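In what follows, a structure is listed as structure tokens, so that the remarks can point back to it.
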Amino acid sequence: MSELNKDDLFTIDLSDDSESEHIAAPQYSYWRSVFRKFFSSKLAIFMMILSGIVILLAIFQPMISGYDPNVTPNINRPEMKYIRPNATYWFGTDDVGNSLFDAVWKGTATSLFVSFMATAITTVLGVAVGMWWGFSKRVDTVMIEVYNIVSNIPATLIAMILVYAIGGGVWQIIFALSVTSWVSTAYFIRVQVMIIRDREYNLASRCLGTPTWKIITHNILPYLISVIMTSVSRDVPSFISYEVFLSFIGVGLGQQYASLGRMIQQYSPYMTSTPYLFWIPVAISALISVSLYIVGQTLADASDPRTHMI
Amino acid sequence: MSVNNEKEVLLDVKHLEVTFSNSKKHVFKAVKDANFQIYKGETFALVGESGSGKTTIARAIIRLNDTSDGEILFRGKKINGKLSKEDKKWVQRNIQMIFQDPAASLNERATIDYCISEGLYNFHLYTDEADRQKKVDLALDSVGLLPEHKSRYPHEFSGGQRQRVGIARAMIMEPEFIIADEPISALDVSIRAQVLNLMNKFKEERGLTYMFIAHDLSVVRYFADRIAVIHNGRIVEVAPSNELFHFPIHPYTRSLLQAVPMPDPEIEKAKELKPYDQEKENKADETGSLQEIKPGHFIFMAENEREEYEAIVKEMEKTAK
């Protein structure tokens, strides 16, 4: 056996204990991680740019063109009607001789406005009521019955009756779309709240004397960001399609409004003769729905911290 | 309580009953007629198998579970049932809890700074922002963590570090009484001693009283002054720690002690395990009560079982001599 060298032996580590407590990993920041994750998806970046362009065009193009569906200067000039898309009229002209390019963006603006407003109302009301619903047993007994009734009546029926009763204005449509939709969002949030309400860290907060509203804002809501994002990214395209659908079956916005749905409905007889009149609004509607949905879903995924691990 | 008359009772649990029900027909009694006292400055352990009602008693004391019968007195004041807002705050200030699973008991979306300051915010236990920062730094230092950890999130810590955050969060409230609900059962064996030593350090420094819930008897022997054994929601034996390990009287306690593995393969192989079966042992269930059989040593029994137990005690004392 060879003689043990002194260097081979273990020596007592005299370094400070606190050194072992040091965390070497870089600082974690929630929102920075969300953006890093989001921008790591090339498809999401592309879709975001696409939907950004569409939204900007919908906001600013009507301001420049000043398009109004009720102003029809070329209605008696047949040579201005049904011009196929060309360098002057990018999307061609419609049956009354107006530029379809102007009409489409005005219609997109209306559709987007309706959809965003309805989503905002649905989400804010749904999350607020859902939180309360998940925490209070008394609210639960009432709300579960409301949910049972509302979810058993077709939403289309309610929207149709409401539009007939209160008229087809933009705000009336927003009201008709969101009057019942928040109930299902609230139910969705209620289930999520019930899942995490009794987890140990919430009991710990209770022991530390944290009031319920603070538990909701500090312990529950941060956990639901990705769930709420998912719901928003589903609602925006579905309200766009819903508005299109309502207008298409003729109970949506009235003649005096330009909207994608109304245009699709109005031009569906022209599908064979002048197909661009029908297909361009359809394409724009699909483009908005798909791009916003993909952006929303990627953002929802990115806002779930479980995806932040490198 | 002849032996402990001179000690000050901090927490007195009298005929505590906790029931859970999902309708009027299905009522489950999780805790039945629990009686025990915890003296100031001691570590009182509650030992029993899973589902025996240990955590339910702890949660009833800290007001997370409603009680259906009985009284819990803290410093002579009733703290269960309906309380005024001030009294609730008084309970929250003076009784704190250390939770079992450090991974589940910290808010994953909040920084350590917020986790530890939560109680300070709720009770405004600081004069200004600088004072709060100082208190958090001190609390972190007292559990061996660094001020730089304040901006970190719970998932970045190891299990032992997280449990120390949980301890710091409870300690910053400067409570008098701490309920530790299996604080080390979710931890790695190598860091259990670290957490237990930390708890002992606080006990000495601040004169704390602990109620320690565990199912690991070897830990309890090291840590506790008195032990209560609970089975099926009923406390079957209460005795000082040494006494219980040397003279386990109730058959359930004996099976429980027997289940502790011996660090000797020969003894372990030769050991004949006797699982406790309430039906077979024919021990008192509804009719009995907790009675003193030796000074400071209580057994749950019916009146007619007293002689039988006294015989066991005599037998044990004889063999001990």
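Rule-based calculations on the coordinates, nothing more; no lab input. Note that the structure is a prediction, hence the values are computed from the model and not measured. Using ideal geometry, Cβ is built from the backbone for each residue, glycine included, and neighbour counts are taken over all protein chains shown.
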Quiz item: How high is the relative contact order of chain B, in percent, with contacts defined as C-alpha pairs under 8 Å that are six or more residues apart?
Solution: 20 percent
Quiz item: Rounded to the nearest 500, what is chain A's calculated 222 nm mean residue ellipticity when only DSSP H runs of at least 4 contribute -39500 (n - 2.57) each, over all residues?
Solution: -22000 deg cm²/dmol
Quiz prompt | Cα-based Rg / Dmax (Å) for chain B | solution = 21.0, 65
Quiz item: Could you put A:ILE55, B:ILE112 in order, starting from the residue whose Cβ has the fewest other Cβ atoms within 10 Å?
Solution: A:ILE55, B:ILE112
Practice problem: Run through every distinct alpha carbon pair of segment B:220-316 and return the Kirkwood hydrodynamic radius in angstroms, one decimal place. | Solution: 14.2 Å
Practice problem: Can you tell me the FRET efficiency between A:ALA87 and A:LEU287 if r is taken as the Cβ-Cβ distance and R0 is 25 Å, rounded to the nearest 0.05? | Solution: 0.65
Exercise. With a Förster radius of 35 Å, plug the Cβ-Cβ distance of A:TYR270 and A:LEU57 into 1/(1 + (r/R0)^6) and report the FRET value to the nearest 0.05.
Key: 0.90
Self-check item: Distance-filtered residues of segment B:62-80 - backbone nitrogen under 16 Å, label point 7 angstrom along A:THR212 Cα→Cβ
Solution: B:64-66
Quiz item: Magnitude of the Cβ-charge dipole of the protein assembly as shown, K/R +1 and D/E -1, about the Cα centre, nearest 20 debye?
Solution: 2160 debye
Quiz item: Hey, fewest Cβ within 10 Å first, where do B:HIS231, A:HIS22 land in order?
Solution: A:HIS22, B:HIS231
Quiz item: Among A:ILE225, B:ILE179, A:ILE64, A:ILE294, which comes first, second and so on when ranked by fewest other beta-carbon atoms within 10 Å?
Solution: A:ILE64, A:ILE225, A:ILE294, B:ILE179
Exercise. Positive end of the charge dipole of chain A (Lys, Arg +1 and Asp, Glu -1 on Cβ, about the Cα centre): tell me which of A:VAL96, A:PRO222, A:MET309 has its Cα farthest that way.
Key: A:VAL96
Practice problem: Would you list which lysines come within 21 Å of B:LYS135, measuring only between C-alpha atoms, while excluding same-chain residues fewer than 8 positions from it? | Solution: B:LYS89, B:LYS150, B:LYS201, B:LYS203
Practice problem: Between the alpha-carbon centers of segment B:202-237 and segment A:119-178, tell me the distance in whole angstrom. | Solution: 53 Å
Quiz item: What's the center-to-center distance, using Cα atoms, between segment A:258-310 and segment A:214-253 in Å?
Solution: 15 Å
Quiz prompt | Ellipticity estimate at 222 nm from DSSP helix runs (n ≥ 4, -39,500 (n - 2.57)) divided over chain B, nearest 500 | solution = -11000 deg cm²/dmol
Exercise. Place +1 on the Cβ of every Lys and Arg and -1 on the Cβ of every Asp and Glu in the protein assembly as shown, take the dipole about the Cα centre, and give the residue among A:LEU9, B:GLN100, A:LEU260 whose Cα lies farthest towards its positive end.
Key: A:LEU260
Self-check item: Given charges at Cβ of Lys, Arg, Asp, Glu: chain B dipole, positive-most of B:ALA110, B:PHE298, B:PRO265
Solution: B:ALA110
Practice problem: Enter the mean number of other protein chain beta carbons within 10 Å of the beta carbon of each residue in B:107-116, as an integer. | Solution: 4
Quiz item: Roughly how many whole Å is it from the C-alpha centroid of segment A:184-202 to that of segment B:239-257?
Solution: 44 Å
Quiz item: Under a point-charge model restricted to the Cβ atoms of Lys and Arg (+1) and Asp and Glu (-1), what is the dipole moment magnitude of chain A relative to its Cα centre, in debye to the nearest 20?
Solution: 1220 debye
Quiz item: If you average the sequence gap of Cα pairs under 8 Å that are 6 or more apart and divide by the length of segment B:1-139, what percent do you get for the contact order?
Solution: 20 percent
Quiz item: Where does helix A:137-152 land angle-wise versus the long Cα axis of chain A, in degrees 0 to 90, nearest 10?
Solution: 40 degrees
Exercise. Could you check what % of the DSSP bridge pairs in the protein assembly as shown are antiparallel, to the nearest 5?
Key: 60 percent
Self-check item: Approximate spin-label separation B:THR319-A:GLU145, in nm, with each point projected 7 Å along Cα-to-Cβ
Solution: 6.6 nm
Quiz item: Assigning unit charges at the beta carbon (Lys, Arg +1; Asp, Glu -1) and nothing else, what dipole magnitude in debye, to the nearest 20, does chain B show about its Cα centre?
Solution: 700 debye
Quiz item: Using the per-residue mean of other Cβ atoms lying within 10 Å as a proxy for protection, in what order, highest first, do the peptides A:157-170, A:96-109 fall?
Solution: A:96-109, A:157-170
Self-check item: For chain A, radius of gyration divided by Kirkwood radius, i.e. Rg to Rh on alpha-carbons
Solution: 1.19
Self-check item: Simple spin-label estimate for A:ASN74 and B:ALA104 in nanometres, 7 Å along Cα-Cβ
Solution: 6.9 nm
Quiz item: Got a sec to turn the phi values of segment A:67-77 into Karplus ³J(HN,Hα) couplings, 6.51 cos²θ - 1.76 cosθ + 1.60 with θ = phi - 60°, whole Hz, x for Gly and Pro?
Solution: 5, 9, x, 8, 9, 10, x, 9, 5, 9, 10
Quiz item: What relative contact order, as a whole-number percentage, does segment A:214-271 give when Cα pairs under 8 Å and 6 or more residues apart are counted?
Solution: 23 percent
Practice problem: Go ahead and run the numbers for FRET between A:VAL191 and B:SER289, Cβ-Cβ distance against an R0 of 51 Å, rounding to 0.05. | Solution: 0.65
